[in-house]
Amino acid sequence: MTPEAPHIDWAGLSPIVALTAGGIVVLAAGLFRGAWLRRYGVPLLTLLTLGATAGLSIWQWGEDKAIVSRALAVDDLAMFLNLLFCAGAIAAVVLALRDSSPEESGHGEWHALLISSVLGMTVLASAQNLVVVFLGFELLSIPLYVMCATNLRRSKSLESGLKYLIVGSVGSATLLYGLAMIYGATGATGFEQIATALSSQAGLIDDPLTLTGIGLIVVGFCFKVSAAPFHQWTPDVYEGAPTPVTAFMAVATKAAAFGAFVRLFDVALIDAATNWSPLLAAVAVASIVVGNVGALTQTSLKRLLAWSSIAQAGYMLAAVVVADREGVEALAFYLAVYLVMNLAAFAVIVARERETPFGDDIRSLAGLGASRPALAWPMTLAMLSLAGIPATAGFIGKFTLIGATVDGGYTWLGVAIVVGSMLSLYYYLRVVAAMWLSDVPVPAAREPVPAIAGGSPELDAAADPEDGAGQDAGPDRPVSQAEATAVAVLFGAATLFFGILPSPLFDLARDAGSALGLL
Amino acid sequence: MAEVVFFVASLGAIGGAVGVVALRNPFYSVLALVGHLLSLAALFLLLRAEFVAAAQVVVYAGAVMVLYVFVVAYIGGADRPVRTTGPGLGLAAPLFAGALFVELCLAMLGSGLKAIDAQGAPYEAGFGSPGQIGELFLTRFLLPFEVASYLLLIAAVGAVILARRRRGLEEEGLEDVPTVTVADLFRLEPGVGTQAESGGMLQDRRERDERERKGGW
């Protein structure tokens, strides 16, 4: 008997093919001899790759099929998440245009790692097989470990990479253990076969082997989504990593891990839901409490966002607990909203890190409302949205999350989300207050912002030291950050837009939510 | 017979694993790991997975472990034994390891799966043969197979980035870090990898090339 090669649906596989090919091309393009080509050609190729992937994902919208021996699912949830990964990566590329980390580690390598990480996320988000889940998990993580350490002149960056590597490896090993247990209990690696085995064989759901497997898988995923009590790495890694990498890591990794989380638990392990939902609910509440309490005293903006991301992971876990279509819808919607508001905040941090001598300390934002409204408004919107103030996207997101928990019979989880949001107002509003209520601090080194940088990208570009203006800045820091400002304004505007008019995004989330075939 | 082999190999595997953690000298740790992997290979043999056992010996105990030995010998560290960082970690780590151990024991012993207490799943002819494994790689696990190869490539790229940072970021500016061009990939320099290179004779030619390169773009 000659083995039959599996049918390959190239149309369904096209986003993955585009990312793989693009990654190789970008890696080779890093060998360009001209410095200009390396500095701008490589990011351009990267943007083309990511744009093509997003386009192909849109092209595949509405499909519902399993491709390559049923290893991957091409459905609206996977494609929705693909768009999120591409948006996060595009923002990271733009924010990193003038960052030192691609410069120091090599433009080709840095961008190839970014694309590979996106590829890993794509594989993970559409994985329908335990083996593919693990490989996607690793392909997502390993480039990120390295990218965290690419700011070669700062020891904190290396520390961040090393911590992420070690803690991430523990998480991966735990996950692998759990996947092996599930395979041992059900005898299958495909999600559908696992679901069939769990529903057809009596007693399998409560078998200690299955329960241990589920427990270990939960731990592994909680490491990745940084849910308490597996969150300890998050503040250090977020703080030490180059800020564009942190921005990408914060939004895209979370989307990928939650995508796999919801697919694995709501498709393969859905029959064991009575066993894992109390566990996940406990983790969700712990995350909400730990994240919000931990953020209260932070003065570093990146650490503050790290603690806030732990709390947000708790909110989103609540949607996984519910395990129905409304929950998946709310999760998809919130992941998109989370991406938008976090990218706005991180873009402002990137800009202020380069403009002021304070790094990512909260002092770098002081007096921003008067001096740079184009940065202050996006940050304000992002903070209000993260807190869940009405008329921002975060409010709609939390509203749908709470609605899903209440309808799913977990009203107390909805109450936990509300209480957590109330706590979170304290530290989000502190950032807003620093921007609008405090004066520009007396800088230790030099004037933080020249008066000409009134906020518009055109003016900022005119003040660019490379063009000869803005000489009063330090020699190594460009004064204006036109591209970071543009990212901040774009995502800040999106935060407001989806807060007032959420229906376009909500329609997409509804399509994504119905992909898993849940009730 | 099988029982004897099983217990000898199991004790070897557990002993090796304990040795990796407990031994202070990294070199001995690596040797303990070799012992652990060889015992695992014997366990695979008992499961009639001859190919996996052979691959375990050749790839892990052979190639990978030799690499480890080289790294340990190269970096040294035998004179500076690894220390734990503090009493908190020293207490917490065994606690968590013990909890995990108990959990796994519960999973294995408490499981109601029928095959656990019996002779196990029936043996099918051809199971675990290279041909069957290859077939699975090209049919059911085609995508994981390809993803794994890409993962290895990107891990190598990452390792190069991290290893490159050690070299002279302090003494030379980043602009001076030599970059390979596409043309260089196809133009193999004569004498590379020979005694002439180690003798430094290629060095003069390289410096000349470097001067030329800085002139052009």
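Values computed for the structure shown
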{"read-out": "Close pairs from segment B:94-120: first free of Cβ contacts under 8 Å to residues at least 60 places away in the same chain, partner among the aliphatic types (A, V, I, L, M) and open to solvent by less than 100 Å² (accessible area, probe 1.4 Å), Cβ under 6 Å, at least 6 apart", "value": "B:Ala107/A:Leu209; B:Ser111/A:Leu209; B:Ala115/B:Ala121"}
{"read-out": "Any hit, segment A:46-58, residues being within 9 Å of another protein chain (Cβ to nearest Cβ), of a type in the set (Ser, Thr, Tyr) and touching a helix residue (DSSP H, G or I) at 6+ places or on another chain (Cβ under 9 Å)", "value": "no"}
{"read-out": "Output for segment A:225-243, where each listed residue is open to solvent by less than 10 Å² (accessible area, probe 1.4 Å) and farther than 16 Å from A:Leu84 by Cα", "value": "A:Ser226, A:Ala227, A:Ala228, A:Thr234, A:Pro235, A:Val237, A:Tyr238, A:Gly240, A:Ala241, A:Pro242, A:Thr243"}
{"read-out": "Pair list, Cβ < 7 Å and 6+ apart or interchain, from segment A:13-37 residues that are at negative phi and at the interface with chain B (Cβ under 9 Å from one of its Cβ atoms) to residues that are among the aliphatic types (A, V, I, L, M) and not in a helix (DSSP H, G or I)", "value": "A:Leu13/A:Ile67; A:Leu13/A:Val68; A:Leu31/B:Val180"}
{"read-out": "Cβ pairs under 8 Å, 6+ apart, first in segment A:368-396 and without any contact (Cβ under 8 Å) to a residue 12 or more places away in the chain, second assigned to a helix (DSSP H, G or I) and open to solvent by 20 Å² or more (accessible area, probe 1.4 Å)", "value": "A:Ile389/A:Phe395"}
{"read-out": "Selection within segment B:102-127 - within 12 Å of another protein chain (Cβ to nearest Cβ) and open to solvent by 80 Å² or more (accessible area, probe 1.4 Å)", "value": "B:Val102, B:Leu106, B:Met108, B:Leu109, B:Lys114, B:Ile116, B:Ala121"}
{"read-out": "Breaking point among (1) within 30 Å of A:Ser480 (Cα to Cα); (2) among the β-branched types (Val, Ile, Thr); (3) open to solvent by 10 Å² or more (accessible area, probe 1.4 Å), for A:Thr150", "value": "(3)"}
{"read-out": "Scan of segment B:137-153 for residues that are in a helix (DSSP H, G or I) and at the interface with chain A (Cβ under 7 Å from one of its Cβ atoms), ordered by number", "value": "B:Leu138, B:Leu142, B:Leu143, B:Pro144, B:Val147, B:Ala148, B:Tyr150, B:Leu151"}
{"read-out": "Among (1) open to solvent by less than 30 Å² (accessible area, probe 1.4 Å); (2) farther than 28 Å from A:Tyr40 by Cβ; (3) modelled with pLDDT of 90 or more, the one test that A:Ala515 misses", "value": "(3)"}
{"read-out": "A:Ser172 in a helix (DSSP H, G or I), more than 10 Å from every other protein chain (Cβ to nearest Cβ) and under 28 Å from A:Ala21 (Cβ atoms)", "value": "yes"}
{"read-out": "Tally, over segment A:100-138, of residues that are open to solvent by 20 Å² or more (accessible area, probe 1.4 Å) and closer than 21 Å to A:Arg354 by Cβ", "value": "2"}
{"read-out": "Flag if A:Thr297 is open to solvent by less than 30 Å² (accessible area, probe 1.4 Å) and among the β-branched types (Val, Ile, Thr)", "value": "no"}
{"read-out": "Qualifying residue in segment A:107-124 (condition: closer than 15 Å to A:Phe261 by Cα and among the β-branched types (Val, Ile, Thr))", "value": "yes"}
{"read-out": "Selection count where residues are away from chain B (no Cβ under 12 Å) and surrounded by 20 or more Cβ atoms within 10 Å (Cβ to Cβ), scope segment A:180-201", "value": "3"}
{"read-out": "A:Arg354 being in contact with a Leu (Cβ under 9 Å, 6 or more places away or on another chain), part of a helix (DSSP H, G or I) and basic (Lys, Arg)", "value": "no"}
{"read-out": "Segment A:312-333: number of residues that are more than 14 Å from the chain's Cα centre (by Cα) and part of a helix (DSSP H, G or I)", "value": "14"}
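The values are calculated or read from the model by the stated rules, or taken from the named source; none is laboratory data. The structure presented is a predicted model; accordingly, all values stated were derived computationally and were not measured. Please note: Cβ atoms are built from the backbone with ideal geometry, for glycine as well, and neighbour counts cover all protein chains shown. For the accessible areas, the whole protein counts, side chains as well, though only heavy atoms, and no ligand, DNA or RNA atoms are used. Shrake-Rupley method; radii C 1.70, N 1.55, O 1.52, S 1.80 Å.
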